[in-house]
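Visitor: For reference, the structure I am asking about is given below.
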Amino acid sequence: MSGVDSKLFVISGPSGAGKGTLVARVRERMPELGLTVSATTREPRAGEVDGVNYYFISEEAFSTKVEQGEFVEWAQVHDHRYGTLVSEVESKLAAGHSLILEIDVQGALNVKKRFPDAVLVFIEPPSLEVLEQRLVGRGTESAESLSIRLANARHELEFADAYDVRVVNDDLEQATRELATILSTYERN
């Protein structure tokens, strides 16, 4: 169930495309947009806080939530599972708040099945070479992890045409303006 004026926006794209940065910048400009906290089985990165960045839960707890139908979507991404809780999405939409889900490509397509009016926005890098530079620049990826993420990125880019809108994150300020304009336009319609 969604509120009369609420919109569900799903932002996704390959790891390293800049989804998190763009969502954070757009939310500074549009603080009325809600954001859910996803659950994950991965360990927190430096500075991440449980319940703020993610709900960090065990594989067992995640499996229980899947079995009980508590996720709008969930997916295996790289070596871990991620999911969006139904309760977070439905409560915010029912209260009339527009909402941004920042999730992977598999999850986005699943959300569209459950919420057909959701607006899917694909964030893409200007090239795979730039994406690789960004991932290496993070300093958080092993050679094996980097290889997996790049292979996944190639696969995820194949789904870009299934999205309502695509934004190339080449220039951060331009991409931020473009994403904010897209969200504002869909909110008014």
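Visitor: Consider Tyr163 carefully, then state whether it is over 17 Å from the mean Cα position of the chain (by Cα) and touching a residue at least 12 places away in the same chain (Cβ under 8 Å). Explain how you work it out, then say what you get.
Guide: Details: over 17 Å from the mean Cα position of the chain (by Cα): no; touching a residue at least 12 places away in the same chain (Cβ under 8 Å): yes.
Criteria not met by Tyr163.
Visitor: Another question, then. Just one of the numbered conditions (1) touching a helix residue (DSSP H, G or I) at 6+ places or on another chain (Cβ under 7 Å); (2) small (Gly, Ala, Ser); (3) modelled with pLDDT under 90; (4) more than 20 Å from Ala175 (Cα to Cα) is not true of Ala39; which one?
Guide: Ala39 satisfies all of (1) touching a helix residue (DSSP H, G or I) at 6+ places or on another chain (Cβ under 7 Å); (2) small (Gly, Ala, Ser); (3) modelled with pLDDT under 90; (4) more than 20 Å from Ala175 (Cα to Cα) except (3).
Visitor: Mind listing just one residue for me: the one in segment 1-21 that is more than 27 Å from Ser147 (Cα to Cα) and in a loop (DSSP other than H, G, I, E, B) and, of those, nearest to the chain's Cα centre (by Cα)? Quick ask: steps written out before the conclusion?
Guide: At the first step, the residues of segment 1-21 found to be more than 27 Å from Ser147 (Cα to Cα) are 1-9.
With in a loop (DSSP other than H, G, I, E, B) added as a condition, the list becomes 1-7.
Working: Met1: 21, Ser2: 19, Gly3: 21, Val4: 23, Asp5: 22, Ser6: 18, Lys7: 15 Å.
Among those residues, the one meeting the criterion is Lys7.
Visitor: Also: Taking segment 91-141, which residues are over 16 Å from the mean Cα position of the chain (by Cα), acidic (Asp, Glu) and under 25 Å from Glu48 (Cβ atoms)?
Guide: Matches in segment 91-141: Glu132, Glu141.
Visitor: Select from segment 35-92 the residues that are acidic (Asp, Glu), out of contact with any strand residue (DSSP E or B) (no Cβ under 8 Å at 6 or more places or on another chain) and within 27 Å of Lys7 (Cβ to Cβ) and write down the one among them that is surrounded by the fewest Cβ atoms within 10 Å (Cβ to Cβ).
Guide: Start the filter on segment 35-92 by keeping residues that are acidic (Asp, Glu), which leaves 43, 48, 50, 59-60, 67, 70, 73, 79, 88, 90.
Now narrow it down to the ones that are out of contact with any strand residue (DSSP E or B) (no Cβ under 8 Å at 6 or more places or on another chain): 60, 67, 79, 88, 90.
Checking which are within 27 Å of Lys7 (Cβ to Cβ) leaves us with 88, 90.
Details: Glu88: 19, Glu90: 15.
Of everything passing the filter in segment 35-92, Glu90 is surrounded by the fewest Cβ atoms within 10 Å (Cβ to Cβ).
Visitor: Ala24 - would you say it is within 12 Å of the chain's Cα centre (by Cα), surrounded by 14 or more Cβ atoms within 10 Å (Cβ to Cβ) and closer than 29 Å to Ala175 by Cα?
Guide: Numbers: within 12 Å of the chain's Cα centre (by Cα): yes; surrounded by 14 or more Cβ atoms within 10 Å (Cβ to Cβ): no; closer than 29 Å to Ala175 by Cα: yes.
Against the criterion (within 12 Å of the chain's Cα centre (by Cα), surrounded by 14 or more Cβ atoms within 10 Å (Cβ to Cβ) and closer than 29 Å to Ala175 by Cα), Ala24 does not qualify.
Visitor: Here is a follow-up. Out of all the residues in segment 160-168, is one or more in contact with a strand residue (DSSP E or B) (Cβ under 7 Å, 6 or more places away or on another chain), at pLDDT 85 or above and within 24 Å of Ala39 (Cβ to Cβ)?
Guide: Within segment 160-168 (the criterion being in contact with a strand residue (DSSP E or B) (Cβ under 7 Å, 6 or more places away or on another chain), at pLDDT 85 or above and within 24 Å of Ala39 (Cβ to Cβ)), the answer is yes, since at least one residue qualifies.
Visitor: Let me ask something additional. Output the residues belonging to segment 59-76 that are touching a Ser or Thr at 6+ places or on another chain (Cβ under 8 Å) and in a strand (DSSP E or B).
Guide: Of all residues in segment 59-76, those touching a Ser or Thr at 6+ places or on another chain (Cβ under 8 Å) come to 59, 62, 70-74.
Across segment 59-76, the qualifying residues are Phe71, Val72, Glu73, Trp74.
Visitor: While we're looking at this one, here's another question. Being touching a residue at least 40 places away in the same chain (Cβ under 8 Å) and aliphatic (A, V, I, L, M) is the filter here; which residues of segment 145-159 pass it?
Guide: Within segment 145-159, Ile148, Ala153, Leu157 meet the criteria.
Visitor: Same structure, new question: Could you grab me the full set of residues in segment 79-92 that are part of a strand (DSSP E or B) and not small (Gly, Ala, Ser)?
Guide: Residues of segment 79-92 that are part of a strand (DSSP E or B), as a first pass: 80-85.
Hits for segment 79-92 are His80, Arg81, Tyr82, Thr84, Leu85.
Visitor: Among the candidates Phe71, Phe56, Phe62, which residue alone is modelled with pLDDT of 90 or more and in contact with a Gly (Cβ under 6 Å, 6 or more places away or on another chain)? Let's see the steps before the verdict.
Guide: Values: Phe56 fails: in contact with a Gly (Cβ under 6 Å, 6 or more places away or on another chain); Phe62 fails: in contact with a Gly (Cβ under 6 Å, 6 or more places away or on another chain).
Phe71 is the lone residue from the list that is modelled with pLDDT of 90 or more and in contact with a Gly (Cβ under 6 Å, 6 or more places away or on another chain).
The values are calculated or read from the model by the stated rules, or taken from the named source; none is laboratory data. Note that this is a predicted model, so its numbers are computed, not measured. Virtual Cβ from ideal backbone geometry, glycine too; neighbours counted across all protein chains shown.
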